[in-house]
Amino acid sequence: MITWRRVEERDFPLLGRWLARPHVARWWNHETSPEAVARDFGPAVRGEEPSEDLLVLLDGRPLGLVQRCRLADYPQYVTELSGVVELPAGAMSIDYLIGEPELTGRGLGPAMIRAVVEATWADHPEATAVVVPVVAANRASWRALEKAGLRRVGEGALEPDNPVDDPAHYVYRIDRPPT
């Protein structure tokens, strides 16, 4: 069963280990020192930043990380994304990773994404859609989005997280289901 909770400071060493793993580091390009992890994840943990960092668990065992945010809380990001796709008011976004290499390639990524997206509708009643840009070269990531029910709505140049990547991105979207 996939569940999650908010990331806490006690999770920082685990996040640092995950971010250093080659299958994560390739796409996240994140500093992994304890100071860098505390600097980058601490504001959300303390409620100083509007994003949500969620530690995802599989049967109680840490599986991965999902970062969820309202796009409107990040105007520069909205400006960049709006150059590629139309963004509806109330759109949210997620970023995600599976931390343990032995848990990749087992269908857990789509399940994790699907579960968090479905919860987004209840957790954020104002959310109208979830929009996710992904580097075009990261086939595993965009295939996970497709398997989770998101559809490709655009492609274009966006600033990649890792400077070694081409700016080519695909943008995926899923709308709030009708009630």
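The values are calculated or read from the model by the stated rules, or taken from the named source; none is laboratory data. Predicted model, so just to flag it, every value in this text is computed and none were measured. Note that we place each Cβ from the backbone using ideal geometry, even for glycine, and neighbour counts take in every protein chain shown.
So, in the stretch 124-147, exactly how many residues are under 12 Å from residue 94 (Cβ atoms), part of a helix (DSSP H, G or I) and out of contact with any strand residue (DSSP E or B) (no Cβ under 6 Å at 6 or more places or on another chain)?
Within the stretch 124-147, the first condition is being under 12 Å from residue 94 (Cβ atoms), and the residues that meet it are 124, 127, 129-134, 141, 144-145.
Filter again for part of a helix (DSSP H, G or I), leaving 141, 144-145.
Of the ones still in play, those that are also out of contact with any strand residue (DSSP E or B) (no Cβ under 6 Å at 6 or more places or on another chain) are 144.
Residues that pass the stated criteria total 1.
Could you grab me the full set of residues in the stretch 87-101 that are of a type in the set (Asp, Glu) and at pLDDT below 95?
First, the residues of the stretch 87-101 that are of a type in the set (Asp, Glu): 95, 100.
The one that is of a type in the set (Asp, Glu) and at pLDDT below 95: 100.
Collect the residues in the stretch 63-97 that are touching a residue at least 40 places away in the same chain (Cβ under 8 Å) and among the hydrophobic types (A, V, I, L, M, F, W, C), keeping them in residue-number order.
63, 65, 66, 71, 81, 84, 85, 87, 91, 97
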